[in-house]
């Protein structure tokens with residue numbers, strides 16, 4: 001365990017140094033959710049049955065959940081870049097734990113994501129969003145978001161190690177942008193047709209977004225009649241989705257890293 005933590009910490013430091021020398025991606029990941037918050041909050045909010053302020057209260061947790069889900073794209077890109085530039089092969093030749101490299105990569109992503117969510121929340125506060133349940137609710141919501149980000153980063157790492165090129169990983173990662181659209185991140189699911197509503201409510205992002213709303217006491221956190229189980233029990237649903245993703249993709253990513261490219 002101590003070897004795993006030491007080796008994973010070394011990879012984490014390497015990833016943070018890499019991010020420091022390429023700040024453009026970090027700036028983009030910080031500004032994009034803020035841009036979407038301003039656009040959706042003031043354009044879509046005026047076109048919905050929800051009043052503008054109520055929709056912005058609904059939207060901020062949804063954007064935080066979508067940001068957490070972007071661990072899939074970030075993990076995919078990071079793993080594919082290292083794999084196809086020979087970095088992963090060099091790591092594989094070192095006497096270190098096979099779990100340490102993906103662990104360090106996902107832990108670095110988790111740390112940078114935790115920091116990058118702060119500007120989004122500050123803009124949300126300026127637009128009227130509040131965590132009505134105080135510090136305990138905010139801490140619970142923060143924990144749910146970071147756990148989900150960690151889980152999606154592991155899933156992305158596995159897919160990145162499977163990719164045949166950086167370009168393929170980038171294209172597949174970009175396609176994940178649609179996942180929040182098929183959830184309750186931006187719009188309530190209650191008005192969707194039956195089949196599409198079921199898909200949206202079983203989307204893990206819906207459980208995470210609803211859990212954050214419930215923990216913060218925001219609009220959209222209440223149980224809606226006829227909702228699927230993950231949305232009717234959002235905190236439990238978000239935790240179970242995250243743990244299930246970790247249980248599947250941690251061993252898959254570790255084994256794939258150990259095997260190398262076919």
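Observations on the structure shown:
- Of the residues contained in segment 55-62, none is found to be touching a residue at least 12 places away in the same chain (Cβ under 8 Å), part of a helix (DSSP H, G or I) and more than 20 Å from residue 220 (Cα to Cα).
- Meets criteria (modelled with pLDDT under 90, out of contact with any strand residue (DSSP E or B) (no Cβ under 6 Å at 6 or more places or on another chain), within 24 Å of residue 255 (Cβ to Cβ) and assigned to a helix (DSSP H, G or I)) for residue 176: yes
- Being touching a helix residue (DSSP H, G or I) at 6+ places or on another chain (Cβ under 6 Å) and within 20 Å of residue 83 (Cβ to Cβ) is not true of residue 148.
- Residue match in segment 51-59 (condition: modelled with pLDDT under 80 and either surrounded by 15 or more Cβ atoms within 10 Å (Cβ to Cβ) or closer than 27 Å to residue 166 by Cα (or both)): yes
- When residue 203 is tested against the conditions (1) free of Cβ contacts under 8 Å to residues at least 60 places away in the same chain; (2) surrounded by fewer than 22 Cβ atoms within 10 Å (Cβ to Cβ), the lone failure is (2).
- For residue 187, the conditions (1) touching a helix residue (DSSP H, G or I) at 6+ places or on another chain (Cβ under 7 Å); (2) more than 17 Å from residue 238 (Cβ to Cβ); (3) touching a residue at least 40 places away in the same chain (Cβ under 8 Å) are fulfilled apart from (1).
- For segment 219-248, a residue qualifies if it is over 20 Å from the mean Cα position of the chain (by Cα) and either buried (at least 21 other Cβ atoms within 10 Å of the Cβ) or part of a loop (DSSP other than H, G, I, E, B) (or both), and the qualifying residues are 219, 222, 223, 224, 225, 226, 227, 228.
- Condition check for residue 109: in a helix (DSSP H, G or I) and at pLDDT below 90: no
- Segment 193-218, residues that are assigned to a loop (DSSP other than H, G, I, E, B) and either within 17 Å of residue 181 (Cα to Cα) or in contact with a strand residue (DSSP E or B) (Cβ under 9 Å, 6 or more places away or on another chain) (or both): 193, 203
- Of all residues in segment 1-30 being more than 16 Å from residue 78 (Cβ to Cβ), part of a helix (DSSP H, G or I) and modelled with pLDDT under 80, the one that is nearest to the chain's Cα centre (by Cα): 30
The values are calculated or read from the model by the stated rules, or taken from the named source; none is laboratory data. Keep in mind the model is a prediction, meaning the values are calculated, not measured. Quick reminder, even Gly has a Cβ in these numbers, built from the backbone with ideal geometry, and neighbours come from all protein chains shown.
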